[in-house]
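Undergrad: Just passing along the structure, written as C-alpha coordinates.
The values are calculated or read from the model by the stated rules, or taken from the named source; none is laboratory data. Predicted, not measured: the structure shown is a model, and the values here were computed from it. Backbone-built Cβ (ideal geometry, glycine too); neighbour counts: all protein chains shown. Remember, those area values only see protein heavy atoms, side chains included, never the ligands or the DNA or RNA. Shrake-Rupley method; radii C 1.70, N 1.55, O 1.52, S 1.80 Å.
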Amino acid sequence: MNVAKSGYRVFSANSTAACTELAKKITERLGVELGKSVVYQESNRETRVDVKESVRGQTIFIIQTIPRDVNTAIMELLVMAYALKTSCAKNIIGVIPYFPYSKQCKMRKRGSIVCKLLASMLAKAGLTHIITMDLHQKEIQGFFSFPVDNLRASPFLLQYIQEEVPDYRNAIIVAKSPSAAKRAQSYAERLRLGLAVMHGEAQCSESDMADGRHSPPCVRNTSGHPGLELPLMMAKEKPPITVVGDVGGRIAIIVDDIIDDVEDFVAAAEILKERGAYKIYIMATHGLLSADAPRLIEESAIDEVVVTNTVPHEVQKLQCPKIKTVDVSMILAEAIRRIHNGESMPCEFRLTHQIHLIRPHVLSTTTH
(Lines give C-alpha, C1' and ligand atoms only; values in the text may rest on other atoms or scores of the structure.)
Protein backbone atom coordinates (compact mmCIF):
# COMPACT_ATOMS: atom_id res chain seq x y z
CA MET A 1 0.00 0.00 0.00
CA ASN A 2 1.29 3.44 -0.85
CA VAL A 3 1.47 5.39 2.39
CA ALA A 4 0.98 8.75 0.70
CA LYS A 5 -2.26 7.63 -0.95
CA SER A 6 -3.65 5.49 1.86
CA GLY A 7 -5.24 8.45 3.64
CA TYR A 8 -4.08 7.36 7.08
CA ARG A 9 -0.95 7.05 9.17
CA VAL A 10 0.01 4.84 12.10
CA PHE A 11 2.22 6.34 14.82
CA SER A 12 3.77 4.89 17.95
CA ALA A 13 3.18 7.07 21.01
CA ASN A 14 6.43 6.10 22.72
CA SER A 15 9.82 4.77 21.81
CA THR A 16 9.95 1.79 24.17
CA ALA A 17 10.88 -1.48 22.54
CA ALA A 18 7.55 -3.15 23.36
CA CYS A 19 5.37 -0.38 21.91
CA THR A 20 7.55 -0.06 18.83
CA GLU A 21 7.48 -3.83 18.30
CA LEU A 22 3.68 -3.99 18.53
CA ALA A 23 3.36 -0.98 16.21
CA LYS A 24 5.67 -2.63 13.66
CA LYS A 25 3.67 -5.88 13.78
CA ILE A 26 0.47 -3.94 13.11
CA THR A 27 1.92 -1.85 10.28
CA GLU A 28 3.44 -4.95 8.65
CA ARG A 29 0.01 -6.60 8.61
CA LEU A 30 -1.51 -3.42 7.16
CA GLY A 31 1.24 -2.96 4.58
CA VAL A 32 2.05 0.61 5.64
CA GLU A 33 5.08 2.31 7.11
CA LEU A 34 5.23 3.47 10.71
CA GLY A 35 4.82 7.24 10.96
CA LYS A 36 7.89 9.33 11.70
CA SER A 37 7.81 10.96 15.12
CA VAL A 38 10.03 11.43 18.15
CA VAL A 39 8.73 11.06 21.70
CA TYR A 40 11.13 11.78 24.54
CA GLN A 41 11.46 13.19 28.05
CA GLU A 42 13.15 16.50 28.78
CA SER A 43 15.73 16.71 31.58
CA ASN A 44 12.95 17.91 33.90
CA ARG A 45 10.77 14.90 32.89
CA GLU A 46 8.44 16.92 30.69
CA THR A 47 7.13 15.01 27.67
CA ARG A 48 7.96 16.33 24.21
CA VAL A 49 6.60 15.08 20.89
CA ASP A 50 7.90 16.03 17.43
CA VAL A 51 5.91 14.82 14.41
CA LYS A 52 8.31 14.58 11.47
CA GLU A 53 5.81 14.50 8.58
CA SER A 54 2.65 16.24 7.39
CA VAL A 55 -0.64 14.86 8.72
CA ARG A 56 -3.00 17.52 7.35
CA GLY A 57 -6.35 16.00 6.42
CA GLN A 58 -5.21 12.49 7.38
CA THR A 59 -6.76 9.89 9.69
CA ILE A 60 -4.18 9.08 12.34
CA PHE A 61 -3.96 5.94 14.48
CA ILE A 62 -1.82 6.29 17.62
CA ILE A 63 -0.64 3.00 19.13
CA GLN A 64 0.09 3.25 22.83
CA THR A 65 0.96 0.39 25.13
CA ILE A 66 1.03 1.10 28.85
CA PRO A 67 4.35 0.23 30.55
CA ARG A 68 4.99 0.36 34.28
CA ASP A 69 5.21 4.16 34.23
CA VAL A 70 1.50 4.58 33.54
CA ASN A 71 1.29 8.34 34.04
CA THR A 72 4.14 9.03 31.60
CA ALA A 73 2.42 6.86 28.99
CA ILE A 74 -0.81 8.82 29.45
CA MET A 75 1.01 12.13 28.99
CA GLU A 76 2.72 10.81 25.85
CA LEU A 77 -0.65 9.91 24.40
CA LEU A 78 -2.23 13.24 25.35
CA VAL A 79 0.66 15.34 24.03
CA MET A 80 0.88 13.39 20.75
CA ALA A 81 -2.88 13.61 20.21
CA TYR A 82 -2.80 17.36 20.80
CA ALA A 83 0.22 17.77 18.50
CA LEU A 84 -1.63 15.95 15.72
CA LYS A 85 -4.80 17.97 16.37
CA THR A 86 -2.94 21.26 16.04
CA SER A 87 -1.28 19.88 12.87
CA CYS A 88 -4.76 19.64 11.27
CA ALA A 89 -5.19 15.86 11.34
CA LYS A 90 -8.72 14.95 10.24
CA ASN A 91 -9.36 12.11 12.73
CA ILE A 92 -7.20 10.93 15.63
CA ILE A 93 -7.87 7.36 16.79
CA GLY A 94 -6.13 5.91 19.82
CA VAL A 95 -5.22 2.22 19.74
CA ILE A 96 -4.88 1.50 23.47
CA PRO A 97 -5.02 -2.29 23.97
CA TYR A 98 -4.98 -1.95 27.77
CA PHE A 99 -6.90 1.10 28.98
CA PRO A 100 -5.19 2.46 32.11
CA TYR A 101 -7.05 3.26 35.34
CA SER A 102 -9.85 0.93 34.20
CA LYS A 103 -10.09 -0.56 37.69
CA GLN A 104 -10.95 2.88 39.04
CA CYS A 105 -14.31 2.98 37.29
CA LYS A 106 -16.50 2.97 40.42
CA MET A 107 -16.92 5.39 43.29
CA ARG A 108 -15.23 4.14 46.46
CA LYS A 109 -15.95 6.04 49.65
CA ARG A 110 -14.75 9.63 49.05
CA GLY A 111 -12.56 8.77 46.07
CA SER A 112 -13.14 9.59 42.42
CA ILE A 113 -13.90 7.80 39.17
CA VAL A 114 -10.49 8.35 37.59
CA CYS A 115 -11.42 6.39 34.46
CA LYS A 116 -14.09 9.00 33.65
CA LEU A 117 -11.55 11.79 34.18
CA LEU A 118 -9.11 10.12 31.76
CA ALA A 119 -11.85 9.73 29.15
CA SER A 120 -12.55 13.47 29.34
CA MET A 121 -8.84 14.31 29.05
CA LEU A 122 -8.45 12.17 25.93
CA ALA A 123 -11.42 13.87 24.28
CA LYS A 124 -10.07 17.31 25.16
CA ALA A 125 -6.65 16.42 23.72
CA GLY A 126 -8.23 15.65 20.35
CA LEU A 127 -8.96 11.92 20.18
CA THR A 128 -12.09 11.12 18.17
CA HIS A 129 -12.23 7.32 18.56
CA ILE A 130 -10.59 4.58 20.64
CA ILE A 131 -9.78 0.94 19.94
CA THR A 132 -9.16 -1.05 23.09
CA MET A 133 -9.37 -4.64 24.26
CA ASP A 134 -11.29 -6.34 27.08
CA LEU A 135 -12.21 -3.33 29.19
CA HIS A 136 -12.37 -4.17 32.89
CA GLN A 137 -16.05 -3.20 32.81
CA LYS A 138 -18.00 -2.78 29.57
CA GLU A 139 -19.84 0.18 31.11
CA ILE A 140 -16.61 2.21 30.82
CA GLN A 141 -17.57 2.86 27.18
CA GLY A 142 -20.27 5.18 28.52
CA PHE A 143 -17.63 7.52 29.95
CA PHE A 144 -16.58 8.63 26.47
CA SER A 145 -18.13 11.27 24.24
CA PHE A 146 -16.84 9.48 21.12
CA PRO A 147 -16.97 5.87 19.80
CA VAL A 148 -15.12 3.09 21.62
CA ASP A 149 -14.46 -0.30 20.01
CA ASN A 150 -13.87 -2.93 22.70
CA LEU A 151 -12.21 -5.93 21.03
CA ARG A 152 -11.90 -9.44 22.51
CA ALA A 153 -8.79 -11.46 23.12
CA SER A 154 -10.65 -14.64 24.04
CA PRO A 155 -10.41 -16.31 20.58
CA PHE A 156 -6.59 -16.22 20.77
CA LEU A 157 -6.56 -17.60 24.31
CA LEU A 158 -9.10 -20.26 23.38
CA GLN A 159 -6.92 -21.34 20.49
CA TYR A 160 -3.90 -21.47 22.80
CA ILE A 161 -5.80 -23.82 25.10
CA GLN A 162 -6.79 -26.05 22.19
CA GLU A 163 -3.29 -26.32 20.73
CA GLU A 164 -0.86 -25.80 23.61
CA VAL A 165 -2.54 -27.38 26.65
CA PRO A 166 -2.01 -31.16 26.56
CA ASP A 167 -5.23 -33.15 27.09
CA TYR A 168 -7.29 -29.96 27.38
CA ARG A 169 -10.46 -32.07 27.09
CA ASN A 170 -9.78 -33.11 30.68
CA ALA A 171 -9.70 -29.48 31.80
CA ILE A 172 -12.21 -27.45 33.74
CA ILE A 173 -12.62 -23.67 33.48
CA VAL A 174 -12.41 -21.89 36.84
CA ALA A 175 -13.77 -18.48 37.84
CA LYS A 176 -11.61 -17.03 40.61
CA SER A 177 -14.63 -15.19 42.01
CA PRO A 178 -18.37 -15.07 41.31
CA SER A 179 -17.85 -11.76 39.46
CA ALA A 180 -15.65 -13.62 36.92
CA ALA A 181 -18.21 -16.38 36.38
CA LYS A 182 -19.70 -14.86 33.22
CA ARG A 183 -16.32 -14.72 31.48
CA ALA A 184 -15.48 -18.26 32.63
CA GLN A 185 -18.86 -19.52 31.43
CA SER A 186 -18.14 -18.12 27.96
CA TYR A 187 -14.83 -20.02 27.83
CA ALA A 188 -16.43 -23.22 29.12
CA GLU A 189 -19.25 -23.12 26.56
CA ARG A 190 -16.93 -22.49 23.62
CA LEU A 191 -14.55 -25.27 24.65
CA ARG A 192 -17.37 -27.64 25.72
CA LEU A 193 -15.82 -27.97 29.18
CA GLY A 194 -17.10 -27.93 32.74
CA LEU A 195 -17.20 -24.87 34.97
CA ALA A 196 -16.12 -24.31 38.58
CA VAL A 197 -16.55 -21.15 40.65
CA MET A 198 -14.50 -20.12 43.67
CA HIS A 199 -16.18 -18.19 46.45
CA GLY A 200 -14.87 -16.44 49.54
CA GLU A 201 -11.56 -14.78 50.20
CA ALA A 202 -8.27 -15.52 51.88
CA GLN A 203 -7.90 -12.02 53.33
CA CYS A 204 -9.31 -8.50 53.03
CA SER A 205 -9.18 -7.31 49.45
CA GLU A 206 -9.92 -4.13 47.55
CA SER A 207 -13.50 -5.33 47.10
CA ASP A 208 -14.10 -4.50 50.76
CA MET A 209 -13.99 -0.84 49.83
CA ALA A 210 -16.65 -1.13 47.15
CA ASP A 211 -19.15 -3.74 48.27
CA GLY A 212 -20.64 -1.70 51.11
CA ARG A 213 -20.16 -4.35 53.78
CA HIS A 214 -19.66 -1.63 56.42
CA SER A 215 -22.41 0.68 55.17
CA PRO A 216 -24.89 1.58 56.55
CA PRO A 217 -23.29 1.47 60.00
CA CYS A 218 -24.08 -1.45 62.26
CA VAL A 219 -25.21 0.89 65.10
CA ARG A 220 -28.70 2.35 65.15
CA ASN A 221 -28.87 6.09 64.59
CA THR A 222 -30.65 7.50 67.66
CA SER A 223 -30.34 11.16 66.62
CA GLY A 224 -33.12 13.03 64.88
CA HIS A 225 -36.77 12.01 64.89
CA PRO A 226 -37.32 8.81 66.90
CA GLY A 227 -39.61 7.41 64.22
CA LEU A 228 -36.94 7.64 61.52
CA GLU A 229 -34.41 5.19 62.92
CA LEU A 230 -32.46 3.21 60.33
CA PRO A 231 -32.85 -0.56 60.50
CA LEU A 232 -29.91 -2.45 61.95
CA MET A 233 -27.70 -3.76 59.12
CA MET A 234 -25.34 -6.64 59.80
CA ALA A 235 -21.85 -6.32 58.31
CA LYS A 236 -20.95 -8.72 55.53
CA GLU A 237 -18.48 -11.47 56.21
CA LYS A 238 -17.16 -13.63 53.41
CA PRO A 239 -16.35 -17.27 54.19
CA PRO A 240 -12.98 -18.91 53.49
CA ILE A 241 -12.31 -19.82 49.87
CA THR A 242 -14.48 -22.70 48.68
CA VAL A 243 -14.81 -24.31 45.25
CA VAL A 244 -18.19 -24.99 43.69
CA GLY A 245 -17.48 -27.76 41.19
CA ASP A 246 -15.33 -30.90 40.96
CA VAL A 247 -11.71 -30.22 39.99
CA GLY A 248 -10.26 -33.52 41.19
CA GLY A 249 -7.98 -35.15 38.61
CA ARG A 250 -8.56 -32.28 36.18
CA ILE A 251 -6.54 -29.48 34.58
CA ALA A 252 -7.75 -26.23 36.15
CA ILE A 253 -7.76 -23.17 33.86
CA ILE A 254 -8.41 -19.88 35.66
CA VAL A 255 -9.58 -17.13 33.30
CA ASP A 256 -9.67 -13.37 33.99
CA ASP A 257 -9.17 -10.07 32.18
CA ILE A 258 -6.25 -8.68 34.22
CA ILE A 259 -3.48 -10.34 36.23
CA ASP A 260 -1.64 -7.77 38.28
CA ASP A 261 -1.02 -8.52 41.95
CA VAL A 262 -0.99 -12.31 41.92
CA GLU A 263 -1.61 -13.12 45.60
CA ASP A 264 -5.27 -14.02 44.89
CA PHE A 265 -4.26 -16.25 41.97
CA VAL A 266 -1.60 -17.99 44.06
CA ALA A 267 -4.10 -18.60 46.87
CA ALA A 268 -6.63 -19.93 44.36
CA ALA A 269 -4.01 -22.27 42.86
CA GLU A 270 -3.20 -23.70 46.30
CA ILE A 271 -6.89 -24.40 46.98
CA LEU A 272 -7.29 -26.07 43.57
CA LYS A 273 -4.23 -28.24 44.24
CA GLU A 274 -5.70 -29.30 47.57
CA ARG A 275 -8.93 -30.21 45.77
CA GLY A 276 -7.07 -32.51 43.39
CA ALA A 277 -6.27 -30.44 40.28
CA TYR A 278 -3.00 -31.75 38.85
CA LYS A 279 -2.19 -28.79 36.57
CA ILE A 280 -3.13 -25.13 36.89
CA TYR A 281 -3.12 -22.57 34.08
CA ILE A 282 -4.02 -18.88 34.21
CA MET A 283 -5.37 -17.15 31.10
CA ALA A 284 -5.65 -13.36 31.11
CA THR A 285 -5.76 -10.63 28.49
CA HIS A 286 -3.62 -8.03 30.25
CA GLY A 287 -0.47 -9.19 32.05
CA LEU A 288 0.47 -6.23 34.26
CA LEU A 289 2.38 -8.54 36.66
CA SER A 290 3.39 -5.81 39.09
CA ALA A 291 5.78 -5.90 42.04
CA ASP A 292 6.93 -9.43 42.95
CA ALA A 293 4.48 -11.18 40.63
CA PRO A 294 7.13 -13.12 38.63
CA ARG A 295 8.76 -14.50 41.79
CA LEU A 296 5.43 -15.43 43.37
CA ILE A 297 4.31 -17.21 40.21
CA GLU A 298 7.60 -19.10 39.96
CA GLU A 299 7.33 -20.29 43.57
CA SER A 300 3.61 -21.15 43.38
CA ALA A 301 1.59 -24.18 42.29
CA ILE A 302 0.74 -22.38 39.03
CA ASP A 303 2.12 -24.28 36.01
CA GLU A 304 1.71 -21.57 33.37
CA VAL A 305 0.46 -17.99 32.98
CA VAL A 306 -0.69 -17.04 29.48
CA VAL A 307 -1.25 -13.38 28.62
CA THR A 308 -1.36 -11.29 25.44
CA ASN A 309 1.04 -8.57 24.33
CA THR A 310 -1.36 -5.72 25.16
CA VAL A 311 1.00 -4.73 28.00
CA PRO A 312 4.84 -4.90 27.91
CA HIS A 313 6.13 -7.63 30.22
CA GLU A 314 9.47 -8.73 28.76
CA VAL A 315 11.31 -8.21 32.06
CA GLN A 316 8.80 -10.37 33.91
CA LYS A 317 9.21 -13.14 31.34
CA LEU A 318 12.95 -13.17 31.89
CA GLN A 319 12.35 -13.56 35.63
CA CYS A 320 9.71 -16.28 35.28
CA PRO A 321 9.73 -18.81 32.42
CA LYS A 322 6.16 -19.85 33.32
CA ILE A 323 4.87 -16.67 31.63
CA LYS A 324 3.87 -17.11 27.98
CA THR A 325 2.67 -14.47 25.51
CA VAL A 326 0.13 -14.62 22.69
CA ASP A 327 0.26 -12.03 19.90
CA VAL A 328 -2.99 -10.11 19.25
CA SER A 329 -1.64 -7.67 16.65
CA MET A 330 -3.78 -9.43 14.01
CA ILE A 331 -7.10 -8.24 15.42
CA LEU A 332 -5.78 -4.73 16.14
CA ALA A 333 -4.61 -4.39 12.54
CA GLU A 334 -7.94 -5.70 11.24
CA ALA A 335 -9.82 -3.18 13.40
CA ILE A 336 -7.71 -0.33 11.98
CA ARG A 337 -8.33 -1.50 8.43
CA ARG A 338 -12.09 -1.79 8.95
CA ILE A 339 -12.40 1.62 10.59
CA HIS A 340 -10.43 3.29 7.82
CA ASN A 341 -12.54 1.58 5.12
CA GLY A 342 -15.82 2.34 6.92
CA GLU A 343 -16.61 -1.36 7.38
CA SER A 344 -18.80 -2.74 10.14
CA MET A 345 -17.16 -3.42 13.49
CA PRO A 346 -19.89 -5.83 14.67
CA CYS A 347 -18.69 -7.97 11.76
CA GLU A 348 -15.24 -7.67 13.33
CA PHE A 349 -16.60 -9.11 16.57
CA ARG A 350 -18.15 -12.01 14.68
CA LEU A 351 -14.80 -12.52 12.99
CA THR A 352 -13.11 -12.89 16.38
CA HIS A 353 -15.14 -16.00 17.05
CA GLN A 354 -13.69 -17.56 13.90
CA ILE A 355 -10.04 -16.63 14.46
CA HIS A 356 -9.57 -19.97 16.21
CA LEU A 357 -9.17 -21.42 12.73
CA ILE A 358 -5.85 -19.55 12.51
CA ARG A 359 -2.99 -20.70 14.68
CA PRO A 360 -2.05 -17.86 17.09
CA HIS A 361 1.46 -16.47 17.19
CA VAL A 362 2.95 -17.46 20.54
CA LEU A 363 5.83 -15.11 21.22
CA SER A 364 9.10 -16.72 22.22
CA THR A 365 10.30 -16.41 25.79
CA THR A 366 13.90 -16.18 24.64
CA THR A 367 15.74 -13.57 22.66
CA HIS A 368 17.59 -14.41 19.49
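Undergrad: For Ser179 and Ser290, calculate 0.36 nm times their separation in residues minus their Cα-Cα distance, and state this gained length in nm to one decimal.
TA: Taking 0.36 nm per residue and subtracting the Cα distance, the gain is 37.8 nm.
Undergrad: Now for a separate question. In whole percent, and with a 1.4 Å probe on the protein chains, what portion of the accessible area of the range 1-75 is carbon and sulfur?
TA: In the range 1-75, the share of accessible area belonging to carbon and sulfur is 46 percent.
Undergrad: Please work out whether the range 236-328 counts as rounded, prolate or oblate from its C-alpha gyration tensor, where a ≥ b ≥ c are the square roots of the eigenvalues and a/c under 1.5 means rounded, while otherwise a/b larger than b/c means prolate and anything else oblate?
TA: Prolate, since a/c reaches 1.5 and a/b exceeds b/c.
Undergrad: Which of the aspartates and glutamates could a cross-linker bridge to Lys138, judged by Cα under 18 Å and excluding same-chain residues fewer than eight apart?
TA: Asp149, Asp256, Asp257, Glu348
Undergrad: Additional query: How many Lys pairs in the range 1-91 lie less than 22 angstrom apart by Cα atoms, where the lysines are 8 or more positions apart or on different chains?
TA: 15
Undergrad: Label-point separation (nm) for Ser112 and Leu232, each offset 7 Å from Cα along Cα-to-Cβ?
TA: 4.0
Undergrad: R0 = 35 Å: FRET efficiency of Leu195 with Glu33, Cβ-based, nearest 0.05? Spell out each step's value before the answer.
TA: On the way: r = 46 Å, r/R0 = 1.32.
Given R0 = 35 Å and the Cβ-Cβ separation, E is 0.15.
Undergrad: At a 10 angstrom cut-off on C-beta neighbours, averaged per residue, how do the peptides 269-281, 184-196 rank from highest to lowest?
TA: Those peptides, ordered most packed to least, come out 269-281, 184-196.
Undergrad: Counting only the backbone N, which residues of the range 55-74 are under 19 Å from the spot 7 Å out from the Cα of Ser43 toward its beta-carbon?
TA: The answer is none.
Undergrad: Also, I was wondering about something else. Using the basic label-point model (7 angstrom from Cα toward the beta carbon), what is the Gln137 to Cys88 distance in nanometres?
TA: Going from the Gln137 label point to the Cys88 one covers 4.3 nm.
Undergrad: Right, another one. Between Glu343 and Asp246, what length in nm is gained on full extension when 0.36 nm per residue of separation is reduced by their alpha carbon distance?
TA: Taking Glu343 through Asp246 to full extension adds about 30.4 nm, to one decimal.
Undergrad: What residues qualify as long-range amide H neighbours of Val326, i.e. H under 5 Å apart, gap of 5 or more or another chain, H built at 1.01 Å from N?
TA: Val307, Thr308, Asn309, Leu363
Undergrad: Shifting gears a bit: When a/c is below 1.5 the answer is rounded, else prolate if a/b is larger than b/c, else oblate, so apply that to the range 1-122 with a ≥ b ≥ c taken from the square roots of the Cα gyration tensor eigenvalues.
TA: Working: a/c = 1.81, a/b = 1.75, b/c = 1.04.
Because a/c hits 1.5 or more and a/b exceeds b/c, the range 1-122 counts as prolate.
Undergrad: Which net charge results when you count Lys and Arg as +1 and Asp and Glu as -1 among the other residues whose beta-carbon is under 12 Å from that of Ala291?
TA: With Lys, Arg at +1 and Asp, Glu at -1, the net is -2.
Undergrad: Report the relative contact order of the range 237-351, percent, no decimals, based on alpha-carbon pairs under 8 angstrom and at least 6 residues apart.
TA: Value for the range 237-351: 21 percent.
Undergrad: Apply the Karplus curve 6.51 cos²θ - 1.76 cosθ + 1.60, θ = phi - 60°, to the phi angles in the range 295-307 and return the couplings in whole Hz, x for Gly and Pro.
TA: Listing the rounded values in order: 5, 5, 5, 4, 8, 9, 7, 6, 8, 7, 10, 10, 10 Hz.
Undergrad: Now a separate question. Just tell me which lysines come within less than 17 Å, Cα to Cα, of Lys279; anything on the same chain fewer than 8 places away is out.
TA: Straight-line reach from Lys279, under 17 Å: Lys176, Lys322, Lys324.
Undergrad: In whole angstrom, how far apart do the alpha carbon centroids of the range 138-207 and the range 300-340 sit?
TA: The distance from the Cα centre of the range 138-207 to that of the range 300-340 comes to 16 Å.
Undergrad: Let me ask something additional. If I take every Cα pair under 8 Å that is 6 or more residues apart in the range 269-324, average their sequence separation and divide by the length, what percent do I get for the relative contact order?
TA: 39
Undergrad: Can you list the equivalent-ellipsoid semi-axes of the range 98-191, largest first and in whole Å, using the square root of 5 times each Cα gyration tensor eigenvalue?
TA: 32, 17, 9
Undergrad: Could you give the dipole magnitude of the range 109-172 about its Cα centre, charging the beta-carbon of Lys and Arg +1 and that of Asp and Glu -1, in debye to the nearest 20?
TA: I would put it at about 560 debye.
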